[in-house]
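Contents: one structure, followed by commentary.
The values are calculated or read from the model by the stated rules, or taken from the named source; none is laboratory data. The structure presented is a predicted model; accordingly, all values stated were derived computationally and were not measured. For neighbour counting, all protein chains shown are included, and Cβ atoms are generated from backbone atoms with ideal geometry for every residue, glycine included. Heavy atoms of the whole protein, side chains included, go into the accessibility calculation; ligands, DNA and RNA do not. Shrake-Rupley method; radii C 1.70, N 1.55, O 1.52, S 1.80 Å.
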Amino acid sequence: MAAPPAALVSKVKKHFIGIPAPLGYVAGVGRGATGFTTRSDIGPARDANDVSDDRHAPPTKKKKKDEEEDDDEDLNDSNYDEFSGYGGSLFSKDPYDKDDEEADMIYEEIDKRMDEKRKEYREKRLKEELEKYRQERPKIQQQFSDLKRGLTMVSEDEWRNIPEVGDARNRKQRNPRAEKFTPLPDTVLSRSLGGESTSSIDSGSGLMSQYPHGTVTPGMLTPSGDLDLRKMGQARNTLMNVKLNQVSDSVEGQTVVDPKGYLTDLHSMIPTYGGDINDIKKARLLLKSVRETNPNHPPAWIASARLEEVTGKIQAARNVIMKGCEDNPKSEDLWLEAARLQPPETAKAVIAQAVRHIPTSVRIWIKAADLECETKGKRKVYRKALEHIPNSVRLWKAAIELEDPEDARILLSRAVECCPTSVDLWLALARLETYENARKVLNKARENIPTDRQIWTTAAKLEEANGNINMVEKIIDRAISSLSANGVEINREQWIKEAIEAEKCGSVKTCQALIKAIIGYGIEDEDRKHTWMEDADSCASQLAYECARAIFSHSLAAFPSKKSIWLRAAYFEKNHGTRDSLETLLQKAVAHCPKSEVLWLMGAKSKWLAGDVPAARGILSLAFQANPNSEEIWLAAVKLESENSEFDRARRLLSKARASAPTPRVMMKSAKLEWCLNNLDTALQILEEALVKFPDYAKLWLMKGQIEEQQGDVDRAHETFNSALKKCPSSIPLWIWLARLDEKRKMLTKARSVLEKGRLKNPHNPELWLEAIRIEFRAGMRDIANTMMAKALQECPNAGILWSEAIFLEARPQRKTKSVDALKKCEHDVNVLLAVSKLFWSERKLQKCREWFNRTVKIDPDFGDAWAYFYRFEVLHGTEEVQQDIKKRCIAAEPHHGEAWCIVSKNINNWRLTTENVLMLVAKDLPIPI
């Protein structure tokens with residue numbers, strides 16, 4: 001290239017040439033360059049005069065060679081794995097800092113988590129491999145198990161002829177490689193038989209000649225180097241005799257081991273205390289010091305005896321405790337411990353000594369009675385004890401328990417004289433006496449113990465049991481006034497508990513009198529209603545129905561015009577009372593609250609269920625008089641007539657109702673009656689009239705569209721639904737029915753559009769999302785359905801119906817995880833609980849499935865789908881009793897909701913079916929979860 005003209009080159013020198021760079025300057029950083037530093041910039045890390053660290057290292061060449069060999073060893077092909085890389089550590093020479101430690105910890109947690117995922121599978125595989133290994137290589141005892149079973153057939157003679165383990169005839173066969181020893185020379189035996197006094201062997205004799213260089217076996221010679229054979233033989237014979245006497249016995253010439261004696265010897269040899277012997281010695285020494293320092297301290301003697309007992313020295317323990325009793329003859333704890341440590345025969349003598357020293361100790365007398373084996377001896381001991389301690393309630397009770405009723409009565413009459421402050425003795429005597437004598441006994445008891453309520457309640461029960469009902473309330477009222485006068489605090493909870501106990505004993509009048517006397521005690525007027533309702537619920541939960549009934553009775557007397565109390569009392573009688581008691585209560589209720597429609601309807605329904613239709617009509621006519629133009633009473637009368645096939649009367653009632661009280665429900669029920677009777681044109685005419693008056697009532701539009709669809713006029717039904725949505729855009733069933741109608745017409749895109757428009761009009765609505773998802777699923781678009789489900793859960797994260805559907809949209813391995821997420825979001829939603837129950841059913845976990853079904857129906861008894869699935873499950877996997885129980889509970893709950901339930905119950909052809917029939921039909925068509 002040609003050089004630029006001189007005119008273009010600036011002759012002016014730049015101002016920064018030759019000037020040092022500013023602090024922190026990095027060349028080219030404006031163009032995106034990155035600064036770096038080399039060793040030439042900062043210099044070496046050491047001074048030139050520093051001593052090198054490798055001054056003691058081998059020569060450099062050798063060091064480099066070793067490092068290369070180590071690297072080669074770590075990085076060669078034999079140490080390389082395709083998955084984990086080289087086996088050696090590439091960074092072993094680098095320092096291990098905090099970051100490395102944190103990284104290792106994270107990797108370790110990851111390894112643990114990955115290990116937990118496969119833990120169940122790994123353990124199962126290990127168990128299978130272990131079982132396979134045991135089958136291939138069984139234990140010795142398993143190999144010979146069949147032979148052991150065969151030993152039962154061995155006769156007694158065969159047992160006797162079994163050779164001993166040490167039999168010399170089989171020794172060579174058992175151990176052919178055993179070491180052979182030179183036998184004892186005959187000269188030694190001849191010397192001992194000939195009477196010579198030689199009792200030792202010279203080291204140079206033939207016996208020792210087998211050892212080279214004159215060496216001998218250490219420990220076998222005396223210090224002088226000679227072996228004393230005579231003393232050795234005598235010691236051997238003595239030891240053998242001792243062992244045989246201890247563990248052997250001669251039975252018909254055969255030596256057998258005595259198992260009892262053998263095990264006893266072993267037990268005495270093994271210490272029962274598992275601690276250190278040095279600790280025992282220290283404890284023994286410490287306790288000895290305590291005893292010697294303060295011999296009058298009973299716990300020291302007891303601790304010493306128990307230490308010896310724990311270490312197995314029972315006799316030493318007895319000696320110690322008896323020495324303690326000598327030093328402390330007035331300590332009942334020591335005497336009782338001594339009696340415990342002694343055998344039964346000696347224990348009686350020890351207790352006799354204790355009684356002589358401490359004749360007023362109740363515990364010692366009771367121990368003395370316990371040591372007696374016969375009842376006669378126990379009675380004798382207790383009577384002797386009562387001579388010394390006549391005011392002991394415990395002794396009197398123990399003595400009376402051993403007597404017959406007549407003797408017990410005599411003893412009790414003496415006992416209450418000696419112990420006049422014992423309530424239990426007075427009450428026990430009153431129970432054994434006649435009515436007249438019992439009254440006298442209780443009167444004396446009240447005089448001696450004026451502060452106890454049990455005497456008063458027992459007196460009331462006594463009067464009730466003998467038919468003197470009028471005295472019961474008087475006694476209870478007198479009890480409260482007397483106890484208050486004597487300074488006793490009246491506790492409502494305790495008295496209500498006393499009333500519950502009285503009811504459990506069968507004293508109904510006493511329990512009612514107790515409730516009446518105490519129910520208003522210490523309660524402010526503003527809190528009476530709330531507190532009494534809580535008390536009634538509490539009594540009902542404890543199965544004390546008479547107490548609850550008494551509380552309701554008192555509450556209604558105090559608040560006769562409170563409709564809520566009458567309703568709660570009526571529901572209580574419905575659940576826990578009889579039909580007569582319910583009807584009696586409802587008659588009183590409508591007399592005090594004639595404007596309460598529910599009370600009238602409950603009375604009419606009770607008569608209807610009992611089969612008394614004229615009485616039910618009479619109640620409804622009275623209800624009409626008290627509540628003219630009441631929609632509920634009109635509709636109840638119509639239902640009564642239609643259920644009893646009085647369709648003309650039902651039509652007339654509806655006609656009057658439309659004339660006097662033209663409400664949307666009355667119009668809808670009128671159209672529905674005609675629809676049920678298959679008068680479709682009349683039903684449509686009534687609906688058209690109703691829609692003119694009530695165009696924004698969605699159920700009227702829905703019925704009209706369904707009837708038109710039933711007639712086969714799909715286009716007209718479609719037009720009706722479109723018109724309805726203009727008037728009622730917030731009605732979700734209308735959007736869903738219109739979408740289903742388009743789906744039936746094979747207009748899938750139109751159905752999607754309808755649901756999309758419905759979601760725009762009604763945002764965050766899970767029912768519309770669920771219908772859109774199901775349309776895609778029915779069309780075979782599973783991927784689109786899953787995508788829509790994800791969007792739906794984002795918009796409605798707490799919708800149970802969406803989560804329950806999402807669980808079964810997943811593949812089987814992911815359903816459990818999805819159900820956990822659903823329970824976290826909707827813990828108490830019945831749809832989610834039902835889905836989890838079905839999930840356990842699909843996994844064949846029957847017990848868990850049954851538990852979750854019970855939980856579902858308990859949370860919402862009105863959810864019919866749960867009852868149907870539960871009944872279907874028990875039909876397949878349960879018993880007849882359980883099936884009948886579920887059916888009974890479902891009839892009592894009278895469910896009305898649930899998708900599958902409403903499909904059957906709201907079908908116009910099933911309008912007269914009972915709850916039981918609907919349950920059977922729904923359960924029959926339910927699919928089994930898979």
Query raised in the report: For residue 125 and residue 327, what is the calculated FRET efficiency with R₀ set at 60 Å and r taken between the beta-carbons, to the nearest 0.05?
Result: 0.30
Query raised in the report: Where does the Debye-calculated log10 I(q)/I(0) of region 506-545 sit at q = 0.14, 0.25 Å⁻¹, using only Cα point scatterers of equal weight, no solvent?
Result: -0.34, -0.92
Query raised in the report: Per residue, what volume in Å³ does the Cα convex hull of region 783-839 take up?
Result: 62 Å³
Report summary line: Whole-Hz Karplus couplings 3J(HN,Hα) for region 123-133, θ = phi - 60° and coefficients 6.51, -1.76, 1.60, Gly and Pro as x, run 5, 4, 5, 4, 5, 5, 5, 5, 5, 5, 5
Report summary line: Computed ³J(HN,Hα) along region 686-692: with the Karplus parameters 6.51/-1.76/1.60, θ = phi - 60°, integer Hz and x for glycine or proline, the list is 5, 5, 5, 5, 5, 5, 5
Query raised in the report: Applying the Karplus parametrisation 6.51 cos²θ - 1.76 cosθ + 1.60 with θ = phi - 60° to the phi angles of region 293-304, what ³J(HN,Hα) value in whole Hz is obtained for each residue in order, glycine and proline being reported as x?
Result: 5, 9, x, 9, 9, x, x, 5, 5, 5, 5, 5
Query raised in the report: Which value in Å is the Kirkwood Rh of region 698-762 over different Cα pairs?
Result: 11.5 Å
Report task. Taking 7 Å along the Cα-to-C-beta vector as the label spot, tell me the residue 363-residue 528 distance in nanometres, rounded to one decimal. Result -> 5.4 nm
Report task. Could you work out the per residue convex hull volume over the alpha carbons of region 545-685, in cubic angstrom? Result -> 102 Å³
Requested in this report: Leaving ligands, DNA and RNA out of it, rank 817, 457 by accessible area with a 1.4 Å probe, largest first.
Outcome: 817, 457
Requested in this report: With a 10 Å radius around each residue's Cβ, average the other Cβ atoms per peptide and rank 902-909, 915-922, 537-544, highest first.
Outcome: 915-922, 537-544, 902-909
**Report entry** Gain on full stretching of the segment that runs from residue 310 to residue 297 - 0.36 nm per residue minus C-alpha separation
**Finding:** 2.6 nm
Report task. Return the Cα extents of region 776-930 along principal axes one, two and three, sorted largest first, each rounded to a whole Å. Result -> 41, 37, 26
Query raised in the report: Give me the Kirkwood hydrodynamic radius of region 863-930 in Å, from all C-alpha pairs, to one decimal place?
Result: 11.9 Å
Query raised in the report: What's the center-to-center distance, using Cα atoms, between region 608-663 and region 383-441 in Å?
Result: 69 Å
Query raised in the report: Rg and Dmax of region 305-391 over Cα atoms: what are they, in angstrom?
Result: 13.4, 42
**Report entry** Most positive-pole-ward Cα, 792, 804, 753, against dipole of region 725-820 from beta carbon charges
**Finding:** 753
Query raised in the report: Please state the Cα pair-distance histogram of region 337-448 with 5 angstrom bins from zero: what percent is in each bin?
Result: 2, 12, 22, 19, 16, 11, 9, 5, 3, 2, 0
Query raised in the report: Ranked by accessible surface with a 1.4 Å probe, highest first, in what order do 421, 531, 856 come?
Result: 421, 531, 856
Query - All Cα pairs of region 447-595, percent lying beyond 23 Å - result: 39 percent
Query raised in the report: Based on Cα positions only, what radius of gyration and what Dmax would you give for region 678-790, in angstroms?
Result: 14.9, 47
Query - Accessible area in square angstrom per residue, region 768-817, 1.4 angstrom probe - result: 49 Å²
Query - Placed amide H near residue 730: partners under 5 Å, 5+ positions off or other chain - result: none
Requested in this report: Please go through the residue pairs 562/605; 672/888; 563/858; 380/440; 791/825; 824/845 and name each one whose alpha carbons sit more than 25 Å apart in this structure.
Outcome: 672/888; 563/858; 380/440
Report summary line: Note: region 460-505, point scatterers on Cα, Debye, no solvent; log10 I/I(0) at q = 0.15, 0.27, 0.33 Å⁻¹ equals -0.44, -1.06, -1.11
Report task. Working with all protein chains in place, sort 351, 928 by solvent-accessible area computed with a 1.4 Å probe, largest first. Result -> 928, 351
Query raised in the report: Can you list residues whose amide H is under 5 Å from residue 863's amide H, if they're 5+ apart or on another chain and H is modeled 1.01 Å from N?
Result: none
